[in-house]
Amino acid sequence: MVKEKILTGVERDLRDDEIIVSKTDLNGNILYCNDIFMTFADYSEEELVGRPHNIIRHPQMPRCVFKLLWDTVQSGKELFAYVINRSRRGDHYWVFAHVTPDFDMSGNICGYHSFRRAVDRRALAVIEPLYGRLRAEEARHADRHAGIRAGMELLEKALVDKGSTYEEFVFGL
């Protein structure tokens, strides 16, 4: 089992020619992950398949962004988002994620795919402070769900102030 919240402060960078790929079931349990996913996560395929995808969740990732992601893909739409992940060793790596629902022959969502690419470092100059504000807002609330709701409200306000959707915002960085 992984020691919770180990953080080394070491950042690992995805190369421009690398893509992290994973497929999950409806509950977010990993069904498939490519070699690059395993390398960055520091887990073997046997340790990942069947486990919740949040095994690589970094504690500095705002929960409200994951709520936005889940709400979006569960509604049948794709989402692009900047995500910070944590490896088993506690290293971290930023990715630009494209998460999309998979549909069965009847048009029902049957799982999800995620493709993660290297980030534009200039975008992180905007994303990191925003995510810091979102985490701080979430932390102000003793109730986790209230914190997520407050983070969502702050994120929505920031997007309204910019006059954009989340997707327009991240592609504009």
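The values are calculated or read from the model by the stated rules, or taken from the named source; none is laboratory data. Computed from a prediction, not measured in an experiment: that's the story for all the values here. FYI the Cβ positions are ideal-geometry reconstructions off the backbone, even for glycines, and counts take in every protein chain you see.
Contact map, the range 148-173: first residue under 16 Å from Ala123 (Cα atoms) and without any contact (Cβ under 8 Å) to a residue 24 or more places away in the chain, second residue among the aromatic types (Phe, Trp, Tyr) and exposed (fewer than 12 other Cβ atoms within 10 Å of the Cβ), Cβ cut-off under 9 Å, separation 6 or more or different chains; the map is empty.
A residue that is modelled with pLDDT of 95 or more and of a type in the set (Phe, Trp, Tyr) occurs nowhere in the range 152-167.
Against the condition under 24 Å from Gly107 (Cβ atoms), touching a Lys or Arg at 6+ places or on another chain (Cβ under 8 Å) and touching a residue at least 12 places away in the same chain (Cβ under 8 Å), how does Tyr43 come out, does it pass?
On the way: under 24 Å from Gly107 (Cβ atoms): no; touching a Lys or Arg at 6+ places or on another chain (Cβ under 8 Å): yes; touching a residue at least 12 places away in the same chain (Cβ under 8 Å): yes.
Considered against the rule, which asks whether it is under 24 Å from Gly107 (Cβ atoms), touching a Lys or Arg at 6+ places or on another chain (Cβ under 8 Å) and touching a residue at least 12 places away in the same chain (Cβ under 8 Å), Tyr43 comes out as no.
Taking the conditions (1) surrounded by fewer than 16 Cβ atoms within 10 Å (Cβ to Cβ); (2) of a type outside the set (S, T, N, Q); (3) under 24 Å from Arg122 (Cβ atoms) in turn, Tyr32 satisfies each one other than (3). Output the residues belonging to the range 147-173 that are among the aliphatic types (A, V, I, L, M), within 30 Å of Phe37 (Cα to Cα) and assigned to a helix (DSSP H, G or I). Correct list: Ile148, Met152, Leu155, Val170. Among the residues making up the range 90-146, a single one is touching a Pro at 6+ places or on another chain (Cβ under 7 Å), in a strand (DSSP E or B) and of a type in the set (A, V, I, L, M, F, W, C): Ile109. Considering (1) farther than 29 Å from Thr165 by Cβ; (2) out of contact with any Gly (no Cβ under 7 Å at 6 or more places or on another chain); (3) not in a strand (DSSP E or B), the lone condition that Tyr32 does not fulfil carries the number (3). The residue that is nearest to Pro101 (Cα to Cα), counting only those in the range 57-88 that are part of a strand (DSSP E or B) and hydrophobic (A, V, I, L, M, F, W, C), is Leu79.
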